[in-house]
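Take a look at the structure set out below.
Values quoted throughout were computed directly from the atomic coordinates according to the rules given, and no laboratory measurement underlies them. These numbers come from a predicted model, not from an experiment. Every residue, glycine as well, gets a Cβ built from its backbone with ideal geometry; the counts of neighbours run over all protein chains shown.
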Amino acid sequence: MTTARPKSNQASVGAVQCENTTLNLLKVNDFVAKAIRDRLPDVLVINVCSSPGSGKTTLMQETGKRLAGRLNMAVLVGDPKTERDAIRMRDVGINALQIVTGGMCHIEAQMIYQALDHIDLTGVDVLFIENVGNLVCPAAFDLGEDLRVTLLATTEGDDKPKKYPRMFLTSELMVVSKADLLPYVPFKVENVIQDARDVNPDIEVLTISSTTGEGLDEWCNWLLAKVEAKSERVIPA
Ligand SMILES: Nc1nc2c(ncn2[C@@H]2O[C@H](COP(=O)(O)OP(=O)(O)OP(=O)(O)O)[C@@H](O)[C@H]2O)c(=O)[nH]1
Ligand SMILES: [Mg+2]
């Protein structure tokens with residue numbers, strides 16, 4: 001009698017030899033991510049990552065308020081449970097759809113691909129994906145985004161880029177958030193920038209506070225420039 005092996009760990013035989021590693025999961029994810037890019041040629045897609053509570057939803061809310069009438073944005077937001085973040089964003093007029101991951105610690109490309117059937121992106125300039133709060137697992141999953149933005153709050157400690165390097169290596173922009181709390185926490189912005197650039201020399205950096213508004217003009221200008229670059233049009237002031 002043969003013992004059944006899990007199919008996920010089964011070596012292939014025949015002409016097409018697949019690698020027998022868990023990386024196959026990520027290869028499938030990459031395949032779906034490409035399908036998302038093919039499906040959204042005219043929409044700038046930004047994958048927003050961070051630890052839990054670094055201020056992703058608050059930044060989405062502030063962005064929606066500041067750029068209302070100039071930029072048409074939509075948000076897909078992932079959380080293990082509840083619709084709370086989507087409700088918060090809809091409360092300020094943002095077209096938002098919640099993806100409930102059912103406990104999973106990250107969003108996978110197939111979740112985004114399915115969600116696209118349930119959100120109207122007609123006329124949308126930028127689609128944000130608010131990832132599950134986690135600096136580890138989401139780093140490995142391409143969601144078909146054009147750009148990855150990682151928030152790092154001043155309350156988290158300035159040692160994170162070197163402890164969680166893959167997230168910073170794969171991000172185009174690091175947003176140091178909750179700058180209003182800098183007087184109260186042991187966090188050196190220059191240290192975190194140095195460590196992030198040791199990991200990823202090309203990473204851009206912005207420092208913001210959604211509470212005081214510090215840095216939000218710079219954030220909005222960064223965003224508008226990226227939308228203009230993708231759409232090849234100028235957004236009126
Ligand atoms: N002091 C301060 N608090 C902030 C700032 N931005 C957000 N917060 C607060 O931080 C907490 C978490 O903010 P959220 O926007 O929910 O963070 P999040 O990253 O979306 O959280 P998850 O989706 O659970 O990962 C809330 O109590 C916010 O009011 C900020 O710039 N300064
Ligand atoms: Mg959130």
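Under the rule of -39500 (n - 2.57) per DSSP H run of 4 or more residues, summed and divided by the residues of the chain, what mean residue ellipticity at 222 nm is obtained, to the nearest 500 deg cm²/dmol?
Calculated at 222 nm, the ellipticity per residue is -10000 deg cm²/dmol.
Just report the Cα centroid separation between the range 200-219 and the range 92-160, whole Å.
Between the Cα centre of the range 200-219 and that of the range 92-160, the gap is 19 Å.
What percent does the relative contact order of the range 81-191 come to when contacts are Cα pairs within less than 8 Å and at least six residues apart?
It comes to 21 percent, rounded to a whole number.
Quick one: which of 146-152, 103-109, 53-59 comes out on top by average Cβ neighbours within 10 Å, and what's the full order, highest first?
My ranking of the peptides, most packed first, is 146-152, 53-59, 103-109.
Any chance you could run the full-extension gain for N24 through K163? It's 0.36 nm times the residue separation minus the Cα-Cα distance, nm to one decimal.
47.5 nm
In nm, what is the difference between 0.36 nm times the number of residues separating A229 and K188 and their Cα-Cα distance?
Extending this stretch completely gives an extra 11.5 nm.
Counting only the backbone N, which residues of the range 45-74 are under 18 Å from the spot 7 Å out from the Cα of T122 toward its beta-carbon?
Only 72-74 fall inside the zone, counting backbone N under 18 Å.
Can you give me the distance in nm between label points at Q110 and R70, each placed 7 Å from the Cα along the Cα-to-Cβ direction?
The modelled label-to-label distance comes out at 4.0 nm.
Most exposed first by the Cβ proxy, i.e. fewest other Cβ within 10 Å, how do S210, S50 rank?
S210, S50
Whole number please: convex hull volume per residue of the Cα set in the range 155-215, in Å³?
74 Å³
Please check which bits of the range 39-78 a label hung off V92 would reach, taking the label as a point 7 Å along Cα-to-C-beta and the cut-off as backbone N under 11 Å.
56-68
Could you name the lysines whose alpha carbon sits less than 27 Å from that of K160, not counting residues in the same chain fewer than 8 places away?
Once the sequence-local lysines are set aside, what remains near K160 is K56, K81, K178, K188, K226.
At 10 °C and 1.306 mPa s, grab the translational diffusion coefficient of the range 42-231 from Stokes-Einstein with a Kirkwood Rh over Cα pairs, rounded to a whole number in µm² per second.
96 µm²/s
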